[in-house]
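We did not get these values from a lab; they are worked out from the coordinates using the rules stated. As the structure is a prediction and not an experimental result, all values here were calculated from the model. Cβ: placed from backbone, ideal geometry, glycine included. Neighbour counts: every protein chain shown.
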Amino acid sequence: MPFPPIQLDDYVEASTRLTHADPRASTGAKAIAYLSSWSIRDRLVEKPELEDLLKVLRRAGNGDQEWTNAVRSIAIAYHQHLSVEQFAQSLGLSDGVTGYVYHTVPVAVYAWYLHFGRFEETVSAVLNCGGDTDTVGAIAGALAGGVVGEPGIPSDWLNGIYEWPRGIGVLRAIADQLAEKSHQPEAGSPVRYFWPEGYCCGMSSFWSWC
């Protein structure tokens, strides 16, 4: 069974507590971390068995009944051949996916599983649900990207990214360093790039290295 390394729980708990005190936030974060770890570690190229997916998701909830119900809803929707939008509606999200973790994560996971290995369909499906699209889109995109890698992302989507100075080049450098650290876990230097001091405040008179 593709359960993650034990220390992953500690990492996720520590990072989640920096911004969220609600234990449900940790549950959602663990679910995404578990699936991402599974995708990358086992190099998933085919959709896993539904029961394997459900076991991984249940483990993230540690017995939380609300989360258990959300996981069950994923199984029911899949057996009923519901679209992602129909699944969201079954959760009472007809007006869009909210930012509540037990809404965003199940919808993102369902889209990832239903459209497994197809990045554009996965992300488009959750965005079409409306609501808190940046959150659910980011989660679904991260899950799908862990399966298909950069080659599976539409080139026009990549070429359309413009968030200077953190562009595609910086993202690739970060990804390369993370991949290297998976083989050489010793701490290394961060990826550096130009960042104008006061840039977030609209000032760009001075430059610095980040």
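Numerical summary
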{"read-out": "The chain: angle of helix 6-17 to the longest principal axis, Cα-based, in degrees nearest 10", "value": "70 degrees"}
{"read-out": "Contact order normalised by residue count of the chain, Cα under 8 Å, 6+ apart, percent", "value": "15 percent"}
{"read-out": "Highest-fluctuation residue, H183, H20, H81 considered, GNM on the chain with Cα pairs under 10 Å", "value": "H183"}
{"read-out": "D134 versus E163: modelled label distance in nm, points set 7 Å from Cα along the beta carbon direction", "value": "0.9 nm"}
{"read-out": "Residue order, fewest to most surrounding Cβ atoms within 10 angstrom, among I76, I6", "value": "I6, I76"}
{"read-out": "Computed [θ] at 222 nm, deg cm²/dmol, the chain (DSSP H ≥ 4; -39,500 (n - 2.57); rounded to nearest 500)", "value": "-18500 deg cm²/dmol"}
{"read-out": "Simple spin-label estimate for D42 and E13 in nanometres, 7 Å along Cα-Cβ", "value": "2.5 nm"}
{"read-out": "Zone residues, the stretch 95-126, relative to Q89, backbone N less than 18 Å from point 7 Å out along Cα-to-Cβ", "value": "95-98, 107-108, 110-111, 125-126"}
{"read-out": "More than 29 Å apart - percent of Cα-Cα pairs taken over the chain", "value": "30 percent"}
{"read-out": "Size-normalised alpha-carbon gyration radius of the stretch 1-103, reference 2.2 N^0.38 Å", "value": "1.11"}
{"read-out": "Rounded to 10°, Cα long-axis angle of helix 133-148 versus longest principal axis of the chain", "value": "90 degrees"}
{"read-out": "Net charge of Cβ neighbours under 15 Å - reference E120; Lys, Arg +1; Asp, Glu -1", "value": "-2"}
{"read-out": "Radius 15 Å from Cβ of L158, net charge of other residues (Lys, Arg +1; Asp, Glu -1)", "value": "-2"}
{"read-out": "Aspartates and glutamates with Cα under 18 Å of K47, excluding same-chain neighbours fewer than 8 positions away", "value": "E120, E121"}
{"read-out": "Degrees between helix 23-41 axis and first principal axis of the chain (Cα, 0 to 90, nearest 10)", "value": "80 degrees"}
{"read-out": "Long-range HN-HN contacts of G131 with modeled amide H, under 5 Å", "value": "V97"}
